[in-house]
Amino acid sequence: MSEISTPSWFKTIVLLAILWNLAGIFNFYLGVSITPEQINELTESERNRLNGSPLWTTIAFAIGVFGGLIGSVGLFLKKAWAMFPLLISLIAVFSQMSYGLFFTSAVESNELSKYLLPILTILVAYLLLRLCNNGIKKGYIV
C-alpha cells in the first residue's frame with residue numbers, strides 16, 4: 001500500500017494554527033489574571049464589558065483556545081482524533097464570539113474593527129476543522 005503524501009503547505013498552516021492558539025491562551029491568561037488595579041485603569045466601556053460578561057463566556061473562551069491548541073497539535077501529528085477538540089473549539093468560539101457580537105455594546109458602535117477579530121476567530125476555527133476533515137477524507141490524517 002502506498003503512503004498518501006501530505007500537501008507541502010500543511011505543516012506551515014498547522015504551525016501557524018498552533019501559534020494562533022498559543023496567542024489565544026496568552027490572551028485568555030491576561031483576561032483571567034487582571035488585577036482590580038488594572039481594571040481601574042481601563043476605560044469605562046472596557047470595564048463595563050469586562051465586568052458585564054457572564055462566566056460562561058470565559059469558560060467558552062478557555063474551551064475554544066485550549067481545544068484549538070489540542071486539535072492543532074493533533075493535526076501536526078496527523079491524528080484523526082484532532083477532529084473532536086477542533087469541533088468543540090469551534091462550538092465554543094462561535095458561542096463566545098456570538099455573545100460579544102450580538103449581546104454587547106459592540107453592536108451599537110457599528111465599527112468594522114469590533115466585528116473583524118470575532119469573525120476572523122470563528123473563520124479560523126472553522127477552517128481548522130475543515131482542514132482536519134479533508135485530511136481524513138484524503139487519507140493523510142489517520
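None of the figures in this text is laboratory data; all of them are computed from the coordinates on show. Bear in mind that the values here come from a model prediction, so they are computed numbers and not experimental data. Cβ: placed from backbone, ideal geometry, glycine included. Neighbour counts: every protein chain shown.
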message: Ignoring chymotrypsin sites (Phe, Trp or Tyr not before Pro) that are buried or in helix or strand per DSSP, and keeping those with at most 16 other beta carbon atoms within 10 Å, what is the longest stretch of the chain between them?
response: 10-102
task: Treating the angle as unsigned and between 0 and 90°, give the value, to the nearest 10°, between the Cα long axis of helix 112-138 and the longest Cα principal axis of the chain.
output: 20
task: Apply the Debye scattering formula to the chain, with a single equal point scatterer on each alpha-carbon and no solvent, then give log10 I(q)/I(0) at q = 0.18, 0.20 Å⁻¹.
output: -1.00, -1.16
- line: Restricting to Cα pairs under 8 Å and 6 or more apart, the percent relative contact order of the chain works out to 27
- line: Partner lysines whose C-alpha sits under 20 Å from that of Lys138, ignoring same-chain residues fewer than 8 away, are Lys11, Lys78, Lys79
